[in-house]
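The values are calculated or read from the model by the stated rules, or taken from the named source; none is laboratory data. Just so you know, these numbers come straight off a predicted model, no measurement behind them. Note: ideal-geometry Cβ built from the backbone for every residue, glycine included; neighbour counts use all protein chains shown.
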Amino acid sequence: MKRTAYRLTDIVARFGGRVLGDADTTIDQVATLDSAQAGHLTFLASGKYRAQLAATRAGAIIVGEADAAATQLPRIVCDNPYAYFARVSAWLNPAPQALPGIHASAVIGEGARIDPTAHIGPHVVVGAGAHIGAHCVIMAGCSIGAGTILGEDALLYPRVVVYHDCVLGNRLIAHSGAVIGADGFGIAMDEGRWLKIPQIGRVVIGDDVEIGANTTIDRGALDDTVIEDGVKLDNQIQVAHNVRIGAHTAIAGCVGIAGSTTIGCHCRIGGSAGILGHLQIADHVEISSFTLIGKSIREPGSYTGIYPFSSSVEWRKNAAHLRHLDELADKVKTLQQEIEILRRKD
Amino acid sequence: MKRTAYRLTDIVARFGGRVLGDADTTIDQVATLDSAQAGHLTFLASGKYRAQLAATRAGAIIVGEADAAATQLPRIVCDNPYAYFARVSAWLNPAPQALPGIHASAVIGEGARIDPTAHIGPHVVVGAGAHIGAHCVIMAGCSIGAGTILGEDALLYPRVVVYHDCVLGNRLIAHSGAVIGADGFGIAMDEGRWLKIPQIGRVVIGDDVEIGANTTIDRGALDDTVIEDGVKLDNQIQVAHNVRIGAHTAIAGCVGIAGSTTIGCHCRIGGSAGILGHLQIADHVEISSFTLIGKSIREPGSYTGIYPFSSSVEWRKNAAHLRHLDELADKVKTLQQEIEILRRKD
Amino acid sequence: MKRTAYRLTDIVARFGGRVLGDADTTIDQVATLDSAQAGHLTFLASGKYRAQLAATRAGAIIVGEADAAATQLPRIVCDNPYAYFARVSAWLNPAPQALPGIHASAVIGEGARIDPTAHIGPHVVVGAGAHIGAHCVIMAGCSIGAGTILGEDALLYPRVVVYHDCVLGNRLIAHSGAVIGADGFGIAMDEGRWLKIPQIGRVVIGDDVEIGANTTIDRGALDDTVIEDGVKLDNQIQVAHNVRIGAHTAIAGCVGIAGSTTIGCHCRIGGSAGILGHLQIADHVEISSFTLIGKSIREPGSYTGIYPFSSSVEWRKNAAHLRHLDELADKVKTLQQEIEILRRKD
């Protein structure tokens, strides 16, 4: 496939910024500093990659004002090179087109309404009374539960499952294996046996949300589980029932969030972190990877709880003391008292 | 849909307990203290929510004996309000009916036996010689391996996969994306390369088990992997080959259990915990979230190993000492000896 | 099904080693020391199971030279009993045959090339221009993206998803729910909103790789994500964009590897471990379960960072000091100085 090439001058006309160097330089794809070739546009998002500038074979580069003079390459100078690069890349790499229509092998339930501009792939099942909005692309083998409402321009990759009666916003992207609306883990102990609590809430998802592969978002027990606008979830995340995730929060892979916890807006949560249930996390909180949050966080800021690794031999020597830290602290207190006595006598 | 309404007096006739206040109050749904409206039955499962009692707009409430006088609302008084609520909710919210029969798009292998009361949804595949018991509901896109036996009244949500030759009990609920019977991680090192060990055991699951979305239970290497009656597994749990999980144990999301470990009955395991392989965990053990169990637990009780979080700045200051705890303990020992010498001289 | 029986003498003729005891003993299956019966071949892979030798009812056993005299059972003596057992078991338990051909319900895109010896199961979707190599077995409901190339002898269990334009080597085994080639988690912050970075790299997988159930391997952002020959991945692992995993590395379940990290060859990574992004891990590194690797590892060796568990009561007492370790270390330093002063005066 021949790619369309654009001049830097075309790009700044569309996305802003200014060109330094030859504005007629043409590019047809984006690439990293390391692998870029002639015809490729690369970017310098952070000063720590400045050392790689000299060696890049890119045709042109996007840089911030601070780096405007750091290279002689034809360059676009702008405020936020990484966001600029994201926009150019999205323009050069549009999502593949899918033709409107319903594949012959799809099974559509009674009363389901599917916008004629939507694409329904092979072996998709749409439950009774579900709505699929304009320009949605529902790829092979997805299952949309009865009564579920899907906004416009959603893109569901193969084998996404949405249970019944959920409400999903516009421009949702959900990757393969994501499961939205399964029962929350609600059980009551009764004389040695667990009784299941019916999970009658829904999952309600705002606009511009992305959900990673094999991520699970459980439906509410009684009230709803809510994912607000602009939330970005990586792969293999578990969102339990009645969680609320605030707008524009981003969560990396393998995070687990227990039931009824509310997370604020604009938070960033690192991979494999965990958050216990029934907590409140304020807006603008950053949580490090591999950190368990065991109580509410009321103030914005950065929070961590990671056991530092070392060689296994050193770890064994040091970690043994963790089971006796209280004794160690007591010994130090006793020493302080004894020294105080000795000093007074002195 | 018009919901059926019941009087409190009807409910206690069915489920026991006694009514205080107007026994003719009718309710048609359950709800939380916060969101309940007229016509809703709520519950007070724990004293810590007592403060919300005054504000609830519920039509009626389920309370324990200790809280019988804590509200003037029409109320059902019983021994275990949460279990009582579970039963009433299950009665008001029955699982949706699925008509018996096999969808035209399903593919049924040679010699498979499917009870005529079972529902086999679109695009389901049932392998050769598999048995599907009475009243099972196998939803869209499930795959049941050759020779697998499924008891009565099982409910498999869309896209559950069960491999060949497994045995699953009555009333199993398995959520979307669950994979039962995939190969365990059995490999042998041979001159720098891994050889695969065929996994010829099965997965054997008792009655009344629930398996969460995207949870995986591997088949045994030689003997079987066993999940006993009444076990409840949340989402995204990994159960390795030859694990045995005792009856009525409940495990929260994202837990990983390594191979050949045996977990007792009536255990409770918190989210994202881990249990190493070849261990024995006694009955009635509670394991906290985010805790790694690295050796066998012989006594019932509660076990924890969580690194406490703090602000990232404080964490950095404190965590640095973990790599020198052994030195710190040595210093304290030296100080004790030196002080002892000084005191003797004194 | 009647199983074929082999004499020990047949087995050593095929796989090497030597027989002690009755070489005409026949076996038709492998089993553990505990559960083996007459007709079963068991093995002693490690001295720590020697106590079980006396009680085994196995027909014969595979042992190392050191254990040649440890039993009177008919036995095969060889260098690496576990690898030997793996080979014999693979011979006795061949993968089930799947007939060549494309199921009528499969949907094959334009220009896709499927080798006539390949098996394409029910409800499989193969995208436009994809290639499926000789003797591949693609089981029910798999989805192979447009332009993806699959080598020879691959075995994909039901409901595996491979996105577009990936390259997968020979003899790949991928278990149900695995998702290969979903978008990496690439987002750029722009005035309070996240912009998606198109993920235009691929996933490239070498030969003899196994991928566990519900494991996810994201496609590269710009360059490729690469899994080298002989890598073995257990279930529920998350491999982020632009990760490279070196040949013959084995990774246990629930591990998360963040973006752009390179892992060497012949590494072993324990379950639920995590590795942050943009790191370099040397060859022959072992990482313990539940350990977060937060900086590059340049030297082969064994690395650990686990918080040891204890009873919850003891944990609470000890863990409280972790938030004050820096103060504790300061106190010890002060005590050292004060004692030094006292000693000088003394």
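Observations on the model:
- Every pair of residues 6+ apart whose Cβ atoms lie under 7 Å, when the first sits in the stretch C:29-41 and is closer than 17 Å to B:ILE197 by Cβ while the second is modelled with pLDDT under 95 and charged (D, E, K, R): C:GLN29/C:ARG3
- Subset of the stretch C:196-250 (residues that are basic (Lys, Arg), outside any loop (DSSP other than H, G, I, E, B) and within 25 Å of B:VAL161 (Cβ to Cβ)): C:LYS232
- Flag if C:GLY145 is out of contact with any Leu (no Cβ under 9 Å at 6 or more places or on another chain) and touching a residue at least 12 places away in the same chain (Cβ under 8 Å): yes
- Members of the stretch C:202-218 that are surrounded by fewer than 24 Cβ atoms within 10 Å (Cβ to Cβ) and not β-branched (Val, Ile, Thr): C:ARG202, C:GLY206, C:ASP207, C:ASP208, C:GLU210
- The requirement of being in contact with a strand residue (DSSP E or B) (Cβ under 7 Å, 6 or more places away or on another chain), of a type outside the set (A, V, I, L, M, F, W, C) and within 20 Å of C:PRO158 (Cα to Cα) is fulfilled somewhere in the stretch C:107-118, by at least one residue.
- The numbered conditions (1) over 15 Å from A:TYR307 (Cα atoms); (2) more than 7 Å from every other protein chain (Cβ to nearest Cβ); (3) over 16 Å from the mean Cα position of the chain (by Cα) are all true for B:HIS284 except (3).
- Selected residue [in a loop (DSSP other than H, G, I, E, B), at pLDDT 95 or above and not assigned by TED's automatic domain parsing to the domain that holds C:TYR157] from C:ALA45, C:ALA83, C:ALA13, C:ALA58: C:ALA58
- Residues considered: A:VAL88, A:VAL12, A:VAL77. Of these, the only one that is within 14 Å of chain C (Cβ to nearest Cβ) and in contact (Cβ under 8 Å) with a residue 60 or more places away in the chain is A:VAL88.
- Residue match in the stretch C:314-324 (condition: at the interface with another protein chain (Cβ under 8 Å from one of its Cβ atoms) and touching a strand residue (DSSP E or B) at 6+ places or on another chain (Cβ under 6 Å)): yes
- Close pairs from the stretch A:248-263: first under 16 Å from C:CYS254 (Cα atoms), partner modelled with pLDDT of 95 or more and hydroxyl-bearing (Ser, Thr, Tyr), Cβ under 6 Å, at least 6 apart: A:CYS254/A:SER272; A:GLY256/B:SER272
- Taking the criterion of being on the phi > 0 side of the Ramachandran plot and either part of a loop (DSSP other than H, G, I, E, B) or at pLDDT below 95 (or both), the residues of the stretch A:96-126 that qualify are A:GLY111, A:HIS123.
- Of the residues making up the stretch A:41-87, those that are surrounded by fewer than 16 Cβ atoms within 10 Å (Cβ to Cβ) and within 23 Å of C:GLU191 (Cα to Cα) are A:SER46, A:GLY47, A:LYS48, A:GLU65, A:ALA66, A:ALA68, A:ASP79.
- Verdict on B:ILE197 being within 22 Å of the chain's Cα centre (by Cα) and in the same structural domain as B:VAL125 (by TED's automatic domain parsing): no
- Matching residues, the stretch A:163-179, being on the phi < 0 side of the Ramachandran plot and either facing chain B (nearest Cβ under 9 Å) or at pLDDT below 95 (or both): A:TYR163, A:HIS164, A:ALA178, A:VAL179
- The stretch C:191-225, residues that are of a type in the set (Asp, Glu) and modelled with pLDDT of 95 or more: C:ASP207, C:ASP208, C:GLU210, C:ASP218, C:ASP223, C:ASP224
- Residues located in the stretch A:142-175, provided they are more than 18 Å from B:MET139 (Cβ to Cβ) and either part of a loop (DSSP other than H, G, I, E, B) or not assigned by TED's automatic domain parsing to the domain that holds A:ILE200 (or both): A:GLY151, A:GLU152, A:ASP153, A:ALA154, A:TYR157, A:GLY169, A:ASN170, A:ARG171, A:LEU172, A:HIS175
- Within the stretch A:63-96, the residues that satisfy the criterion of being out of contact with any Leu (no Cβ under 7 Å at 6 or more places or on another chain) and either farther than 20 Å from C:ALA221 by Cα or of a type in the set (A, V, I, L, M) (or both) are A:GLY64, A:GLU65, A:ALA66, A:ALA69, A:GLN72, A:LEU73, A:CYS78, A:ASP79, A:ALA90, A:LEU92.
- B:VAL161 passes every criterion in (1) under 17 Å from the mean Cα position of the chain (by Cα); (2) surrounded by 24 or more Cβ atoms within 10 Å (Cβ to Cβ); (3) more than 30 Å from C:CYS265 (Cα to Cα); (4) β-branched (Val, Ile, Thr) apart from (1).
- Within the stretch A:83-95, being closer than 13 Å to C:PRO198 by Cβ and under 22 Å from the mean Cα position of the chain (by Cα) holds for A:PHE85, A:ALA86, A:ARG87, A:VAL88, A:SER89, A:ALA90, A:TRP91, A:ASN93, A:PRO94, A:ALA95.
- Answer residue from the stretch B:180-195, given it is small (Gly, Ala, Ser) and over 30 Å from A:ARG219 (Cα atoms) and is nearest to the other protein chains (Cβ to nearest Cβ) among those: B:ALA188
- Here the condition is being surrounded by fewer than 20 Cβ atoms within 10 Å (Cβ to Cβ), within 24 Å of C:ALA178 (Cα to Cα) and modelled with pLDDT of 95 or more; of B:GLY253, B:GLY259, B:GLY277, it holds for B:GLY277 alone.
- Search result, residues across the stretch C:26-44 that are within 10 Å of chain B (Cβ to nearest Cβ) and closer than 8 Å to C:ALA60 by Cα: C:HIS40, C:THR42
- Filtered residues of the stretch C:325-341 (kept if more than 7 Å from every other protein chain (Cβ to nearest Cβ) and of a type in the set (Lys, Arg)): C:LYS333
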